[in-house]
Amino acid sequence: MKKDTVLLEFDGVVKEFPGVKALDGISFGVRAGTVHALMGENGAGKSTLMKCLFGIYHRDGGDIRLNGESLHFTSSRQALDAGISMIHQELHPVGHRNVMENIWLGRFPNRLGFVDHRRMYEDTLALFESLDIQVDPREMVNNLTVSTIQLIEIARAVSYNSKIIIMDEPTSSLTDREVEILFRIINRLRDQGVAIIYISHKMEEILRISDDVTIMRDGKYVGTWEARELTTDAIISKMVGRQIENRFPERNRRIGEVLMRVEGLTSALEHSFQDVSFEVRAGEILGVGGLVGARRTEVMEALFGLRGVKSGKVTIKGKPYPIKDPICAKKHGLALLTEERRVSGIVPVLSVAENTVLANRPAFAHGRVFVNNGKIRQVVDENIRSMNVKTPGQNTLIRYLSGGNQQKVLIARWLLTEPDILILDEPTRGIDVGAKYEIYLLMNQLAAAGKSVIMITSEMPELLGMSDRILVMCEGKVAGIIDAESATQEQVMTLATKFMV
């Protein structure tokens, strides 16, 4: 199929949810043999449009055509059979099965009526070899890192030999090396005439890998451009409908006394963090950098009482802090926004209001049995306004909100506990530039109010642009602590590989 041939067409697609029109007449075409980036703020409708294409959602209006023929999928199985595969933003592997079973789930090779495990192993090895993925097909998925599971999801999508592959935030959990592997896979598929629909908030990736860029805003189509015509500033302006002068707000903070001091913290597990020491001050944003496997998350989860500690000493406001459990951590003024908001953050079957007050329900008790619902409504309304949460109402199930708005609700949840030290693990992962900026402003406000903010991030511009000091970890150890104002990417990367053999 020629590269200029329009393979897929969206024509006036409409999708409505209770109280919100998620897609409002979306129309554009995707050419064969191209990478077509789909961009927009959280809530713009990108993932919703792809779920309509993939048969997860039923569209309420308009048409979707593949090679000129109208599509009416009622399941993702039908989409796969038609040559459309999708790498979802939310990873849902079968954790208690091995890698090769996850790859070929629902289509195991058979021999004499039984699953042919040998052939499945050989087919998986051949697939991985062609994609430069080095994973044992027999390894249990539960034992793998998030980034490795992401690569397996990519391999599974490729294994269908699809005409169209949808990639929804495919690099959100990948290392730099794994991103390069993905880009090699994409270039090879493009050369074979496959159309890639690529959803990402990472501007540098979009400009590097894309041929065409379509931008959506508030469920509407803004326009389609060739990637070579665009710049980062132009994309941001078209996405948000306004000019954003700076990616990061100005630092206007007064650093105070040490709020928390950590000395020689060592994990109860053998292959984890060792002898971690640092301090964080009132009014400070302490950035925590490092590569995948640096054990940054493990350290912060241990401080919050989620992981065992063998040795070490922690003081908060000069008094000993006995690490026990999250209840103890909350009593000592700690709060933790976890890395994976969909896994350990939101409760999807609960409303925005219920998710907001989840960590502080005793404060809304009316006697021993009843809950003060009026007080809950008032507080949640205040948080929706102050955090600029886009939601039809506080009774809306949180799963219907975009990723950025879900994240704002989770931050509001922890702020209601009135913490002195707020730990944010990848607070802007998978979030658009507009929502990112709002979260940055909030972090600045917390620091200006004398709170301590600890921010784990894998995005180098964010690490340099938001931190006062940067703690860099490597192989479970502190590689160095540097002043962010004078720090460079090279310095951070040198420290991030300091203990690697």
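Brief remarks on what is shown
- Simple label model, 7 Å out from Cα along Cβ direction - Asp116 to Leu441, nm: 6.0 nm
- Dimensionless Rg/Rh of the stretch 92-133 - Kirkwood Rh, Rg from C-alpha atoms: 0.99
- Cα pair distances in the chain, grouped into 10 Å bins until the bin that holds the longest one, percent each: 4, 17, 27, 27, 18, 7, 1, 0
- Between Leu125 and Tyr160, full extension at 0.36 nm per residue minus the direct alpha carbon distance yields a gain of 11.1 nm.
- Relative contact order (%) - criterion: Cα under 8 Å, at least six apart; region: the stretch 146-251: 20 percent
- Taking Cα centre as origin and charging only the Cβ of basic (Lys, Arg, +1) and acidic (Asp, Glu, -1) residues, the dipole magnitude of the chain rounds to 1320 debye.
- Convex hull volume of the Cα atoms of the stretch 115-163, normalised per residue: 87 Å³.
- Approximating the spin labels as points 7 Å out from Cα along Cα→Cβ, the Gln192-to-Ser237 distance works out to 4.0 nm.
- Relative to the current alpha-carbon distance between His366 and Lys477, full extension at 0.36 nm per residue lengthens the span by 35.3 nm.
- Cα centroid of the stretch 433-457 to Cα centroid of the stretch 200-231, whole Å: 27 Å
- Helices meeting the span-like rule in the chain (full DSSP H runs, Cα extent of at least 20 Å along the helix axis, mean Kyte-Doolittle score of 0.0 or higher): 433-448.
- Stretchable slack from Val292 to His271, in nm (0.36 nm times residue separation minus alpha-carbon distance): 6.1 nm
- Scanning the chain for chymotrypsin sites (Phe, Trp or Tyr not before Pro) in DSSP loops with at most 16 neighbouring Cβ atoms within 10 Å leaves 161-498 as the longest stretch between them.
- Hypothetical label at Arg97: residues of the stretch 116-151 whose amide nitrogen lies under 12 Å (7 Å Cα-Cβ projection): 141
- Fraction of C-alpha pairs exceeding 24 angstrom in the stretch 64-161: 27 percent, rounded to a whole number.
- Over all directions, the projected convex hull of the C-alpha atoms in the stretch 366-501 averages 11.0 nm² in area.
- Using R0 = 51 Å, the C-beta based FRET efficiency linking Thr224 and Glu257 works out to 0.40.
- Relative contact order (percent, whole number), the stretch 193-338, Cα cutoff 8 Å, 6+ residue spacing: 17 percent
- With coordinates expressed along the principal axes, the C-alpha atoms belonging to the stretch 1-87 extend over 42, 26, 23 Å, beginning with the largest.
- Contact order normalised by residue count of the chain, Cα under 8 Å, 6+ apart, percent: 16 percent
- Hits among lysines - C-alpha to C-alpha of Lys408 under 17 Å, sequence gap 8 or more where chains match: Lys390, Lys436
- The trypsin sites (Lys or Arg not before Pro) of the stretch 209-268 that meet both conditions, a loop assignment by DSSP and at most 11 other Cβ atoms within 10 Å of the site Cβ, are Arg242, Arg254.
- Sites Glu250 and Arg208 - FRET efficiency at Förster radius 25 Å, r taken between beta-carbons, to 0.05: 0.25
- Simple label model, 7 Å out from Cα along Cβ direction - Arg177 to Glu340, nm: 2.2 nm
- Alpha-carbon centroids, the stretch 257-320 and the stretch 1-62: separation in whole Å: 44 Å
- Of the GluC sites (Glu not before Pro) in the stretch 218-307, those whose Cβ has at most 16 other Cβ within 10 Å and which sit in DSSP loop: Glu245, Glu250, Glu257, Glu270
- Surface share of carbon and sulfur [accessible, 1.4 angstrom probe, percent] for the chain: 48 percent
- Under the combined filter of DSSP loop state and at most 14 neighbouring Cβ atoms within 10 Å, the stretch 134-190 retains these GluC sites (Glu not before Pro): Glu139.
The values are calculated or read from the model by the stated rules, or taken from the named source; none is laboratory data. Here the structure is a predicted model, which is why all the values come from computation and not from measurement. FYI the Cβ positions are ideal-geometry reconstructions off the backbone, even for glycines, and counts take in every protein chain you see. Heads up: the accessible areas ignore ligands, DNA and RNA and are worked out on the full protein's heavy atoms, side chains in. Shrake-Rupley method; radii C 1.70, N 1.55, O 1.52, S 1.80 Å.
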